[in-house]
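**Q** Here it is: the structure, laid out below.
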Amino acid sequence: MASEAAPLHPLQPLPPLPPLRRNRDFLLLWGGQTVSEVGSQISVLALPLVALVVLKASALQVALLSAATTSAFLLIALPAGVLVDRLPRRRLMLWCDVARMVLLGSLPVAQMAGVLTLGQLYVVALLSSVCTVFFSVAYQSYLPTLIDRDQLMEGNGKLSTSQSVAQIAGPGLGAALVGMVGAARAMVGDAVSYAVSAGTLLAIRKAEPETRDVAVGRVRMRTQIREGLAFVARDPILRRAAAWSGSANFFVIMVESLGPVFLVRTLHLRPSSVGLMLAAGACGGVVGGLTAGRLAHTVGSARISWLSMTVFALPGLLIPAAGPGRLSLLFAAGWTSWTFSATVCGIALTSYRQAVCPPDLLGRVNAASRWVTWGTLPLGGVVGGTLAATLGVRTSLWIATVGGCLSGLWLFFSPLRGMRDIPEPADALAGVR
């Protein structure tokens, strides 16, 4: 008779977790998202160029287009969180990928048929925004089902690094495609990337655990929305993190929407050079994703969050100081500092939110945070376009960069400034219950 294995001694350390590079399902999710992010960055470049070059849109119309791509976070993020907690998350992500593939693929078809209009751009941007809301909320809620809580910092770091790599490769690839086939046809690359993402989701083997109570479906949506908002409001770290991200995104989207207009019409760069400029600036996000864990360990996860957004982000003021010729590189340098700072800070705060929240509430809490932090994006796009029409593009960029640098004060004047590390989930939950 075989002897039973002796139980672990209470003081004996647990065996180490297998590294994420051996987690097949995480690698599939990571790989699919990397391809999808690269494709999305093609559209980030190509969509405003279609409006600017093909349809001769004004700065205000381009800013409104940018607002349409993010407006769903303000309009439907909260109910999306409720549905994410009710529905299978992987299946929801899959259908979002398929829908975005069809939507983006319609633009080159319309352009080849000679019927592409600015109205279609707005419709595609808005509907894609709806799909992105559901995918993003489900995505952040799905990750903890594939990896252990202790691996969330590493997992989010890898995913953020991929997003930043995509911001480098995507605009460069987009610039090459725009040069070869035109801005509208270049968006075929984004449609294909969503097909790849859908394929990797289908290949994941691990069954999604059923964490949702059947009775939850009978609770009024308004009540469930309040639960997610209340969880964020009660937790002092989540509350300050949402305030920082919301105000920062308000100003960042002004730079993102006015940046191509500034580079093309003020600095007179070619569309291909615009893509390379945006790609160079994204290098900061790659460095931030690769070093966030080490910086959090060395400096402290709480300390690095506010330090990165009050000190490391200051070179962002170089963005509106850019000029023609070599001085245009100041734009890339300023953008690099912003992507680095925001990535380092965001990884720490996102990992905390995923770890501290109960699984059956995670979709609503992620949606509540997204509603605050991403809901300001369409507002920032509209304000940026209005300021550009009245004060000029460069002046509007100065307002945006100064406001973005000041957004870090939400974290500086918070409990985080008195800590070295963000509290462990158990300690944080004890403080908010």
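The values are calculated or read from the model by the stated rules, or taken from the named source; none is laboratory data. This one's a predicted model, so the numbers in the text were calculated from it and none came from an experiment. Reconstructed Cβ throughout: ideal geometry from the backbone, glycine too, with neighbour counts over all protein chains shown. For accessibility, only protein heavy atoms count, side chains too; no ligands or nucleic acids. Shrake-Rupley method; radii C 1.70, N 1.55, O 1.52, S 1.80 Å.
**Q** Residue by residue, what Karplus-based ³J(HN,Hα) values in Hz, rounded to whole numbers, does segment 226-239 have, using 6.51, -1.76 and 1.60 with θ = phi - 60° and x for Gly and Pro?
**A** My calculation for segment 226-239 gives 4, 4, x, 5, 5, 4, 5, 5, 6, 7, x, 6, 4, 5 Hz in order.
**Q** Starting at 0 and stepping by 10 Å, how many percent of the alpha carbon pairs of segment 336-377 end up in each bin?
**A** Calculated over all Cα pairs of segment 336-377, the distribution is 26, 48, 23, 3 percent.
**Q** Oh, and also: For the chain, evaluate the Debye formula with one uniform point scatterer on each Cα (no solvent term) and list log10 I(q)/I(0) at q = 0.09, 0.11, 0.14 Å⁻¹, rounded to two decimals.
**A** Values returned for q = 0.09, 0.11, 0.14 Å⁻¹ are -0.55, -0.83, -1.37.
**Q** In Å², what does the accessible area per residue of the chain work out to with a 1.4 Å probe?
**A** 43 Å²
**Q** How much of the accessible area of the chain, in percent, comes from carbon and sulfur atoms when a 1.4 Å probe is used?
**A** On the way: 12560 of 18830 Å².
Here carbon and sulfur together make up 67 percent of the probe-accessible area.
**Q** Residue-wise, which Karplus ³J(HN,Hα) couplings in Hz belong to segment 82-95, taking 6.51 cos²θ - 1.76 cosθ + 1.60, θ = phi - 60°, and x for glycine or proline?
**A** Computed from phi, the couplings for segment 82-95 are 5, 5, 5, 6, 9, 9, x, 5, 5, 5, 5, 4, 4, 5 Hz.
**Q** Could you calculate the FRET efficiency of LEU202 with ARG149 from 1/(1 + (r/R0)^6), where r is the beta carbon distance between them and R0 is 25 Å, rounded to 0.05? Numbers along the way, then the final one.
**A** Working: r = 26 Å, r/R0 = 1.05.
The computed FRET efficiency comes out at 0.45.
**Q** Which trypsin sites (Lys or Arg not before Pro) from segment 230-318 combine a DSSP loop assignment with at most 13 other Cβ atoms within 10 Å?
**A** Details: sites: ARG234, ARG239, ARG240, ARG265, ARG294, ARG303; in loops: none.
When the trypsin sites (Lys or Arg not before Pro) of segment 230-318 are filtered for loop state and at most 13 Cβ neighbours within 10 Å, nothing remains.
**Q** Sticking with this structure for a sec: Could you give the angle, 0 to 90 degrees to the nearest 10, between helix 152-181's Cα long axis and the longest principal axis of the Cα atoms of the chain?
**A** For helix 152-181, the angle is close to 20 degrees.
**Q** Would you compute, for the Cα atoms of segment 276-395, the largest minus smallest coordinate along each principal axis and list the three values in descending order, in whole Å?
**A** 50, 34, 24
**Q** So which cysteines in the chain don't have a second cysteine's C-beta under 4.7 Å from them?
**A** CYS283, CYS345, CYS357, CYS405
**Q** Next question. In whole percent, what relative contact order does the chain give with Cα contacts below 8 Å and a gap of six or more residues?
**A** Values: 739 pairs, mean separation 119.2, N = 433.
The normalised contact order for the chain reaches 28 percent.
**Q** To continue, here is another question. Quick one: if the Förster radius is 56 Å, what FRET efficiency do ARG420 and ALA113 give, using the C-beta to C-beta distance and rounding to 0.05? All intermediate terms of the calculation are to be shown ahead of the outcome.
**A** Working: r = 60 Å, r/R0 = 1.07.
That pair, ARG420 with ALA113, gives E of 0.40.
**Q** What full-extension length gain, to one decimal in nm, is calculated for LEU327 and ALA389 as 0.36 nm per residue of separation minus the Cα-Cα distance? Intermediate values should be presented prior to the final figure.
**A** Details: separation 62, 0.36 × 62 = 22.32 nm, distance 2.43 nm.
Length gained between LEU327 and ALA389: 19.9 nm.
**Q** Want the number for ARG220 to VAL287: 0.36 nm per residue separation, take away the alpha-carbon distance, what's left? Each step should come with its number before you reach the end.
**A** Values: separation 67, 0.36 × 67 = 24.12 nm, distance 4.38 nm.
This chain segment gains 19.7 nm when fully extended.
**Q** Related question: How large is ³J(HN,Hα) for each residue in segment 401-410, as worked out from phi by the Karplus curve 6.51 cos²θ - 1.76 cosθ + 1.60 (θ = phi - 60°), to whole Hz, x for Gly and Pro?
**A** 6, 5, x, x, 5, 6, 5, x, 5, 4
**Q** Could you pull out the longest piece of the chain with no exposed loop GluC sites (Glu not before Pro) in it, calling a site exposed if DSSP puts it outside H, G, I, E, B and it has at most 15 other Cβ atoms within 10 Å? Could you put the intermediate results ahead of the total?
**A** Details: sites that count: GLU4, GLU210.
In short, 211-433.
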